[in-house]
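Quick notes on the structure that follows.
Where a number appears in this text, it was derived from the coordinates with a stated rule and is not lab data. The model shown is predicted, which means the values in this text are computed figures rather than measured ones. In this analysis, Cβ positions are derived from the backbone assuming ideal geometry, glycine residues included, and neighbour counts consider all displayed protein chains.
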Ligand SMILES: Cc1cc2nc3c(=O)[nH]c(=O)nc-3n(C[C@H](O)[C@H](O)[C@H](O)COP(=O)(O)OP(=O)(O)OC[C@H]3O[C@@H](n4cnc5c(N)ncnc54)[C@H](O)[C@@H]3O)c2cc1C
Ligand SMILES: Cc1cc2nc3c(=O)[nH]c(=O)nc-3n(C[C@H](O)[C@H](O)[C@H](O)COP(=O)(O)OP(=O)(O)OC[C@H]3O[C@@H](n4cnc5c(N)ncnc54)[C@H](O)[C@@H]3O)c2cc1C
C-alpha cells in the first residue's frame, strides 16, 4: 500500500496548480466564461496543449505521453480545484479515450494526434431526452445502414461541449429492440455534417451542455467506431473512466471549498472572536474534512483499479462516484454556511463551486444510478 | 513511491494464511464473544492460544519478545481478517492492540520483559482504567489518587466503564500522582493486578447486554515497579497512544459480514412473490451500505499506512473513528428498514431474522459514537488539530 504521488505526478500537480491559477484568474473571469458562448479562451486551450495535457492518456505513438489513469486523476483534481471551464474533459476523456478503446488503427492515427496537439475538440453524444440515463441499452436514437453510409435520426440531450466540438462520437441503435444490450453502435460524426442542429442549454453551472438534433445525418460506414452493435461495452468503459475523472474534479473542488471556508473561519470575526473558534463552526469544518478525505482515497483507488485492469473497477468507480457526488454537495453546502451572507453573492467564489458540484453529481450517473451498479456488483 | 492499494506478496501470503486458519478455527461462539464484547471464555482463550501456536500472532512485534519484528501492517491484516468473520478484534485486544504498545514505547526493560512476551502470545488481558464518574470526555478531571509511600503507591478512588476488568488479569490504571500540578502534568499510568486486595469490581450491564464495570480502589498497594515509564507523564502517554489505538480499534472490515448477510437475505427473502433483491429501494439501501463501508475502509487503510510509515498523524485515525461509528448507525437503520417489522425481534424469538444480529447491532450502535471518545470531541480534534482552527 502506498498513498503517495510519484515524483512526476507531484510535478504535474504543481505545474497545473501554477498554470491554472494564472489562467483562471478570478470570479469575474469565470462569470464571463459562463456567459460567453464558447466557454473558454484559445489562450487557455493552447496553454494546456503546450503543457502536454491533451495527450496525457494516449500512447506516444499517437502524440501522447503515455500516462496512466492515476496521472489523469492527478491532473483532473487540479482542474476541479481551479474550476476549469471548457471542453477539456469532453475532448480528452469522452472523445479521446473512447477512440483509444475502440478505434481502428487508422482512426487512432487520424484523431488522437490532433487531440494531443490541441487542434481538435470532441465530445460524446449519449444521453437522450426520454430517459437522460447513461445506461447505453436505453438508447433510442437510430442509425440505419443505407449503401455506404449510416443515417442517424433522433435527439441527444445533455451533450457536453457539443457547441465547440469539431467531431462527436454518437451512440445510436443499429439493431435490436429497445433496451437490448446488443445493437448499439458508435459513430465518428463531423459536427458540420448537414442535418445537425444544436441548441445550447442554460444550465445551473453555466457550462456548455447541448441538445443535438440529428435529422437524416449521413455518416460514412468507415466512421463506425468499433464493431457495429457492440458499442455497449465501449461506452461502459468510457463512462467508468469519465466517472472516476469526474470524481477527481469534484474532489479538487471539494478541497478548494474547504480551504476557502477554513481560511475564512480563521479570519472572520464576530462576537469578538474568529468564527472558527465557535464549536458549531468547527464541527462543520470537521464534516468537510471527513467527507473530503474519503473522497481522496476512494477516487485514487478506483483510478488505480482501472490502471490495474481489475474487474472490480466497475464497482469501485460506482462507489467513488456515489460517495464523491454526495460529499462534494455536502461540502459545498457547508462552505456556504460558513461564509454566511457574503458567499451568496454572485461575485463570490462559493457559487462557482456549489453550482459545479450539482453538475458533477449528475454527470455520468448520479448516485442513484451508481448505487444500482454497486448493487449489481454485489450480486443483487 | 506511487499510489498502490494492494498488499505486497509477503503481506498477501500472510493474509491468506490467516484467512485459511480462521475459516477453519474461528467458530461462531468464539466470534460472538468477541463481537458482543462478552469477554473471553475458555474457548476464546484456547482460540487465542491456537492463533499463537499456529504462528500467526505477533508478526509486528520485536523479535526479542517473541515477535517477527515486522511492520504493524501484519497486525492490521490480522485484525481485518478477524473482522471480516464477525470477530471484531484479536482475542485479549486491550493488551495486544493498546496497552502493549505503550509498554513497548515507555516501559522499562524489566516491565517489557515481564509483560510483552505474554501479550504477544495473546495470554493476558488488561482492563482499561481511564474513565471516572467526573472524568469522561474530560479525562484530565480524574480524581483517583496514587500516593507515593516510599515502597509502593497507595491507590484510592473509583473508575467506571472499565469494560474488561471482570475477566482481565491486569488493570491499566491512570491516577493522579501530583495533586498540585496541572492534571496534564500530574497523572501517571500503572499496571495493577486486577485481583489485588482492596479492589472491588461491580458489573454495569449495558443495553446491548455487554458487561462493563465500576472498579473501586480502597487502599490498594501498587508496587513501585508497576509504574509505567516516568511519573507524572501518564496523560502524555495516553494522548500519545490515542491515534494508534484508533487505528487498531476502529476497523471498518467488521461491517463486511453485515453487508454480506444483508445481500444474502435480500436474495433469499421474497415479498409478494418476488425476491427483495429485485426491489429498487432495497438495492439502493444495500448499495449505500457497501459504498460507505468501502470508502471508510480506505480512511482506515490510509491512517494505518501513515502509522506503519512513521508519518505524523494529526487527526486521520480520529476521522476514521468518527466516520466508522456514525456509519454503523446509518447501516443499522438501513438494515432495519429492509427487515421491516421483523427488525424488532431479538435472538431466540420466534421469527427472528438473521439470528437477531441486526436487532443486537441496533442496541450496540448507540455506544459507538460515545465509547473511546465521543463524536463531538472527535470533530473538535479534527477541526483544531487537523485544520488548525483556533481552540475555543
Ligand atoms: C440574500 C440576503 C438578504 C439579506 N437581507 C438583509 C436585509 O434586508 N437587511 C439586513 O440588515 N441584513 C440582511 N441580510 C444579512 C443577514 O442577516 C446576514 O447575512 C446574517 O445575519 C449572517 O451574517 P453574516 O452574513 O455576516 O455571517 P457571519 O455572522 O459572519 O457568520 C458566518 C458564519 O459564522 C457562524 N457564526 C457566527 N457567529 C456565531 C456564533 N456565535 N456561534 C456559532 N456560529 C457563529 C454563522 O452561523 C455562519 O455560519 C441578508 C443576507 C442575505 C444572504
Ligand atoms: C460500553 C462502553 C464501554 C466503555 N469502556 C471503557 C473502558 O474500558 N475504559 C474506560 O476508561 N472507559 C470506557 N468507556 C468510557 C468512555 O470512554 C466514555 O463514555 C467517553 O469518553 C465519554 O465520556 P462520558 O460517557 O462521561 O460522556 P461525557 O464526557 O459526559 O459527554 C456527554 C456529552 O457531552 C458531550 N461533550 C463533552 N465534552 C464536550 C466538549 N468539550 N465539546 C462538545 N461536547 C462535549 C459529549 O460529546 C457527549 O455528547 C466506555 C464507555 C462505554 C459506553
What shape does chain A have by the C-alpha gyration tensor, where a ≥ b ≥ c are the square roots of the eigenvalues, rounded means a/c under 1.5, and otherwise prolate means a/b greater than b/c and oblate the rest?
prolate
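Given Cα positions, please report Rg to Rh for segment B:15-62, the hydrodynamic radius being the Kirkwood one. It would help to have the intermediate numbers written out before the result.
Working: Rg = 11.2 Å, Rh = 11.4 Å.
Looking at segment B:15-62, the ratio lands at 0.98.
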With angles folded into 0 to 90 degrees, how steeply does helix B:9-25 sit against the dominant principal axis of chain B? Use alpha carbons for both and round to 10.
80
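So how much slack lies between residue B:27 and residue B:240, counting 0.36 nm per residue of separation and subtracting their Cα-Cα distance, in nm?
Values: separation 213, 0.36 × 213 = 76.68 nm, distance 3.56 nm.
Between residue B:27 and residue B:240, full extension yields 73.1 nm more.
Expressed as a rounded percentage, what relative contact order does chain A have, with Cα pairs under 8 Å and six or more residues apart?
On the way: 718 pairs, mean separation 59.4, N = 380.
Averaging sequence separation for qualifying contacts and normalising by length gives 16 percent for chain A.
Past the 21 angstrom mark, what percentage of all C-alpha to C-alpha distances in segment B:67-143 do you count?
Working: 1178 of 2926 pairs.
In whole percent, the share of Cα-Cα pairs in segment B:67-143 beyond 21 Å is 40.
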Where does the Debye-calculated log10 I(q)/I(0) of chain B sit at q = 0.12 Å⁻¹, using only Cα point scatterers of equal weight, no solvent?
-0.99
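Taking each residue of A:297-308 in turn, how many C-beta atoms of other protein chains fall within 10 Å of its C-beta, and what is the average? Display every interim value, and only then the final one.
Details: counts 12, 7, 2, 5, 10, 2, 2, 5, 2, 0, 1, 3.
If you average over the peptide's residues, the count of other-chain Cβ atoms is 4.
Which ordering of A:328, A:88, A:362, A:5 is given by a fewest-first count of other beta-carbon atoms within 10 Å? Can you show the working numbers first?
Details: A:328 31, A:88 23, A:362 15, A:5 18.
Neighbour counts put them in this order, fewest first: A:362, A:5, A:88, A:328.
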With a point put 7 Å past each Cα toward its Cβ, work out how far residue A:51 is from residue A:268 in nm, to one decimal.
3.0
Hey, what did chain B get for relative contact order, percent, Cα under 8 Å, at least 6 apart?
12
Evaluated at 25 °C with a viscosity of 0.890 mPa s, what Stokes-Einstein diffusion coefficient in µm²/s does segment B:205-343 have when Rh comes from the Kirkwood expression over alpha-carbon pairs?
133
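Quick one: if the Förster radius is 56 Å, what FRET efficiency do residue B:151 and residue B:278 give, using the C-beta to C-beta distance and rounding to 0.05? If you can, show how the numbers build up before the last one.
Numbers: r = 73 Å, r/R0 = 1.31.
In this case the efficiency is close to 0.15.
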Rounded Å value of the spacing that divides the Cα centres of segment A:86-102 and segment A:309-352:
23
Order of A:342, B:163, B:251 from fewest to most other C-beta atoms within 10 Å?
A:342, B:163, B:251
Descending packing, highest mean Cβ count within 10 Å first, for B:35-42, A:299-306 is A:299-306, B:35-42
Inter-centroid distance (Cα atoms) of segment B:307-386 relative to segment B:214-241, Å:
30
Helix A:279-308 sits off the longest principal axis of the Cα atoms of chain A, rounded to the nearest 10 on a 0 to 90 degree scale, by 30
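Mind sorting B:381, B:192 by how few other Cβ atoms lie within 10 Å of their own Cβ, fewest first? Working shown, then result.
Numbers: B:381 21, B:192 26.
The order, fewest Cβ neighbours first, is B:381, B:192.
What translational D, rounded to a whole number of µm²/s, comes out for the protein assembly as shown from Stokes-Einstein when the hydrodynamic radius is the Kirkwood one over Cα pairs, at 25 °C and 0.890 mPa s? Before the final figure, lay out the partial values.
On the way: Rh = 28.7 Å.
So the translational diffusion coefficient is about 86 µm²/s.
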Per DSSP helix of 4 or more residues, -39500 (n - 2.57); summed, then divided by the residues of chain A. What does that give at 222 nm, rounded to the nearest 500?
-16500 deg cm²/dmol
Evaluate the distance, in nm, between pseudo-label points positioned 7 Å from the Cα of residue A:177 and of residue A:146 along their respective Cα→Cβ axes.
2.7
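Taking each residue of A:369-376 in turn, how many C-beta atoms of other protein chains fall within 10 Å of its C-beta, and what is the average?
5
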In nm, give the distance between the simple-model label positions of residue B:206 and residue A:119, each being 7 Å from the Cα along the Cα-to-Cβ direction.
6.9
I'd like the FRET efficiency for residue B:271 and residue B:347, computed as 1/(1 + (r/R0)^6) with the beta carbon distance as r and R0 of 25 Å, rounded to 0.05.
0.60
For a test of the definition: using alpha carbon positions, the gyration tensor, and the 1.5 limit on a/c, classify segment A:24-96 as rounded, prolate or oblate.
prolate
Degrees, to the nearest 10: B:316-339 long Cα axis against longest axis of chain B
40
Applying 1/(1 + (r/R0)^6) with R0 = 30 Å to the Cβ-Cβ distance of residue B:137 and residue B:71, what FRET efficiency is obtained, to the nearest 0.05?
0.40
Whole-number percent relative contact order across segment B:127-236, with pairs defined as alpha carbons under 8 Å at least 6 apart
30
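Please work out whether segment B:127-236 counts as rounded, prolate or oblate from its C-alpha gyration tensor, where a ≥ b ≥ c are the square roots of the eigenvalues and a/c under 1.5 means rounded, while otherwise a/b larger than b/c means prolate and anything else oblate? It would help to have the intermediate numbers written out before the result.
Working: a/c = 2.06, a/b = 1.38, b/c = 1.49.
Because a/c hits 1.5 or more and a/b fails to exceed b/c, segment B:127-236 counts as oblate.
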For segment B:86-146 and segment A:158-203, what is the separation of their Cα centres, given in Å?
64
Quarter of Cα convex hull surface for segment B:9-91, i.e. mean projection, nm²
5.0
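Can you compute the helix-only [θ] at 222 nm over chain B? Use -39500 (n - 2.57) per DSSP H run of at least 4 residues, normalise by all residues, nearest 500 deg cm²/dmol.
Details: 12 runs with 168 residues, N = 392.
The helix-only estimate for chain B comes to -14000 deg cm²/dmol at 222 nm.
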Can you tell me which of A:156, A:208, A:237 moves the most in a GNM of chain A? Springs connect C-alpha atoms under 10 Å apart.
A:237
